[in-house]
Amino acid sequence: MSNFFSLIRNENMKIYYRFGTWFMIGLLVLVAVAGAIIVKTSYREPTDWRKEVTAETASFKASLEEGNISKTYKDYLTQQLKINEYRLKHDIKPIASNTFWGYLESSAGMISLVTLFTIIVAAGSVASEFSWGTIKLLLIRPTNRAKILLSKYMAALLFAIGLLVLLFAVSAISGAALFGIETIKEPYLAYQNGEVVEKSMIWYVLQMYALNCADLVMMTTFAFMISTVFRNQSLAIGLATFSLFIGPQITYFLAMKFDWAKYLLFANTNLSQYLDGMPMVEGMTMSFSIMMLLLYFLVFNALAWLIFQKRDIAA
Amino acid sequence: MNPLLQLKNVRKDIGSKTIIHDLSLEVFAGEVFGFLGPNGAGKTTTIRMIVGLMDITSGEVLINGIDVAKNFEKAIRYVGAIVENPEMYKFLTGYQNLLHYARMTSGVTKDRIDEVIKLVGLEHRIHDKVKTYSLGMRQRLGLAQALLHRPSLLILDEPTNGLDPAGIREIRDYLRKLAREEGLGIVVSSHLLSEMEMMCDRFAIIQHGKLVTIEAVQELSKQAQKVLWIVDPIEKAAQVVQERFPHYHIQQNGQGIEVDIDYHDIPKLNAALVAEHVQVYGIQVLAKSLEERFLEMTGGNEIV
Ligand SMILES: Nc1ncnc2c1ncn2[C@@H]1O[C@H](COP(=O)(O)OP(=O)(O)OP(=O)(O)O)[C@@H](O)[C@H]1O
Ligand SMILES: [Mg+2]
């Protein structure tokens, strides 16, 4: 076990002693700070939030009356309707994007940048050892290949966790600095067991972060697998980022025509679809998606492991 | 004595091509074993199989009696190696590179790292990034990582590549010392045949993936060879040789005659010359060099 800990320290040393890593970390901080500045300078206060909520409620009602909508969407609209009514009744203003919580919530959208950077690190971790030729000296140690591979994978995930914590912290600090923390006590309205309840915003934001991580973990694993199988960093980065940005679109079009699209990876990576009440294919559930993700996760890792274990090192 | 390294009918196929054909050899503790062969003979491939980087198609590699293919982690503990160029992490310092490898084997202390750094003479540059190193310095760092965990078998693929003459000599002396004093078995592959001759106790020549010969360096001087006879009068001496040993090739030169003679016939010819009143001033054995032997065995510089 102490041996495994040393392996992770080695991998970390190889990640953090490189300029590129710190460039990515710097870029993430920059984006998180710049985002807050942009929101601060461009945000226009709505004249009357009550009017807007009332208008929204009316449009929900209209949609509900149309009838030919799916049951999941219908449930979703009903929930939103109840929440809006609760808002008006108890005078709870919706969370605006130029508030502490509003900015923190939108920072969850920047997780795709974390995903991109983690893909780059994961794609390099095995492929670089081959292109540098260091793989030979790495694999002639009294440590089996599976452990070495696992340490590389873990180091990439640790890097992702580090970036997530950093993103959260920088967003919170710049949000607090620019928008103030007066609104920090404002609640999040959730719909539970048929009634609207007031919850802490922090749970909502953390939930958004967690849901966005499905993509992160899956694409990192995918990039890691490609990099291990093909020993090519550029290919792994290319395939993974292409899939990350284009995959959901393609899956979306397929899902309109074919039911089997629900078994595709990208039909399941966006877990927040279940919060919006609009699953890609009618009848999909959160637990179905989690099962599918788990399956893909296992297949990717098994492939990487099998290939790495068997391969002749001729680099 | 049990061999430290034993190859038993080792064979390697890549695709439909057989790269190594049933190679068997043994290396013992305390000896420096040269592994020679023209480009593409299969030296590096064999070394890759020994250290577990490549699967063995058939046959066995035993290190200290442990099968590398079956019990890799246990067997590899005894091995330190450089496979082809010692590529290191260029963005790390020499020290960080050593630390990296030290962490992968239990029992390598900081003191041991410092000791090895001193051994290979890198004290002054060890905290510089490897990308600023010369080829020779990288080679030294490569040797350092191979020695860190006090292996009993050292496998070095062209370790003198890129070293200056002083460096080559230093490494050669050091390897001999390791073999003599600490009883390591050392396998060295190289193209520098004169180097190998000075460094090795025994050598194997392989070609086209097949073992051609295994010999001791000492034996080289005992094979049929040229002997220079410094004699007077030269004409008469040549006559005597022709009479007594008509099948030997003779060549005259300014000092005397060169005879391609069997090792055991040297005293007989000497006696004959003396009996015929030829003045013998000197008998000089022009020992066959490893290079000549190598070219003879492999038929020149042909590549697979
Ligand atoms: N991955 C591979 N696929 C196919 N053939 C290979 C592979 N690796 C090596 N070979 C072939 O195996 C043979 C032996 O190669 P190897 O590198 O072992 O030679 P070598 O004796 O180390 O040569 P050198 O003195 O040039 O270093 C060569 O003919 C080479 O072309
Ligand atoms: Mg070679």
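The values are calculated or read from the model by the stated rules, or taken from the named source; none is laboratory data. All of these numbers come straight from a predicted model, not from anything done at the bench. All Cβ positions, even for glycine, are placed from backbone atoms using ideal geometry, and neighbour counts span all protein chains on display. What goes into the accessible areas is simple: the full protein's heavy atoms, side chains included, and nothing from ligands, DNA or RNA. Shrake-Rupley method; radii C 1.70, N 1.55, O 1.52, S 1.80 Å.
Things worth noting here:
- R0 of 35 Å, Cβ-Cβ distance A:Leu235-A:Ile37: FRET efficiency to nearest 0.05: 0.40
- Averaged over the residues of A:54-60, the number of partner chain Cβ atoms lying within 10 Å of the residue Cβ comes to 0.
- For region A:247-280, backbone nitrogen atoms closer than 20 Å to the point 7 Å from A:Val197 Cα along Cα-to-C-beta are found at A:274-277.
- For the pair A:Lys257 and A:Lys89 in one chain, pulling the backbone fully straight at 0.36 nm per residue adds 56.2 nm over the alpha carbon distance.
- Hull-based mean projected area of region A:1-101, where the convex hull spans the alpha carbons, in square nanometres: 12.7 nm²
- The percentage of C-alpha pairs in the protein assembly as shown whose separation is greater than 34 Å is 60%.
- Each residue of region B:1-99 gets 136 Å³ once the volume of the Cα convex hull is shared out per residue.
- Over region A:242-315: Kirkwood hydrodynamic radius from C-alpha pairwise inverse distances, Å: 13.8 Å
- In chain A, helical runs assigned H by DSSP with n ≥ 4 each contribute -39500 (n - 2.57); averaged across all residues and rounded to the nearest 500, the mean residue ellipticity at 222 nm is -25000 deg cm²/dmol.
- Among residues other than B:Leu4 with Cβ under 11 Å from its Cβ, the summed charge is -2 (Lys and Arg +1, Asp and Glu -1).
- Alpha-carbon spread of chain A, three principal axes, descending order, Å: 70, 47, 33
- Hydrodynamic radius (Kirkwood) for region B:226-299, which is based on Cα pairs only, to one decimal in Å: 12.8 Å
- Choice from A:Asn193, A:Asn84, A:Asn212 with maximal GNM fluctuation in chain A (Cα, 10 Å cutoff): A:Asn193
- Approximate spin-label separation B:Glu182-B:Ile250, in nm, with each point projected 7 Å along Cα-to-Cβ: 5.5 nm
- When its C-alpha radius of gyration is set against 2.2 N^0.38 Å (N residues), region B:146-221 gives a value of 1.13.
- Label sites at B:Lys131 and A:Phe23, each approximated as a point 7 angstrom past Cα along Cα to Cβ, lie 1.1 nm apart.
- At least 40 Å² accessible surface lost relative to isolated chain, residues of region A:273-314 (1.4 Å probe): A:Asp312, A:Ile313
- Average beta-carbon neighbours from other chains, 10 Å sphere, peptide B:99-108: 6
- On the basis of the beta-carbon distance and an R0 of 60 Å, A:Met286 and B:Asn2 show a calculated FRET efficiency of 0.45.
- The sum of -39500 (n - 2.57) across all DSSP H runs of n ≥ 4, divided by the residue count of chain B, sets its helix-only mean residue ellipticity at 222 nm to -10000 deg cm²/dmol.
- Packing, as the average of other Cβ atoms within 10 Å across residues, places the peptides A:90-97, A:37-44 in the order A:90-97, A:37-44, highest first.
- Largest-first ellipsoid semi-axes for region A:1-49, taking √(5λ) over the Cα gyration tensor eigenvalues, angstrom: 42, 14, 4
- Around B:Thr105: net Lys/Arg minus Asp/Glu count, Cβ-Cβ under 12 Å: +4
- Peptides B:10-19, B:202-211, B:132-141 ranked from most to least packed by the mean count of surrounding Cβ atoms within 10 Å: B:202-211, B:132-141, B:10-19.
- Near-label residues of region B:248-290 by backbone N, under 13 Å of a point 7 Å along Cα→Cβ of B:Gln242: B:248-252
- D_trans [Stokes-Einstein, Kirkwood Rh over alpha-carbon pairs] for chain B, 4 °C, 1.567 mPa s, µm² s⁻¹: 60 µm²/s
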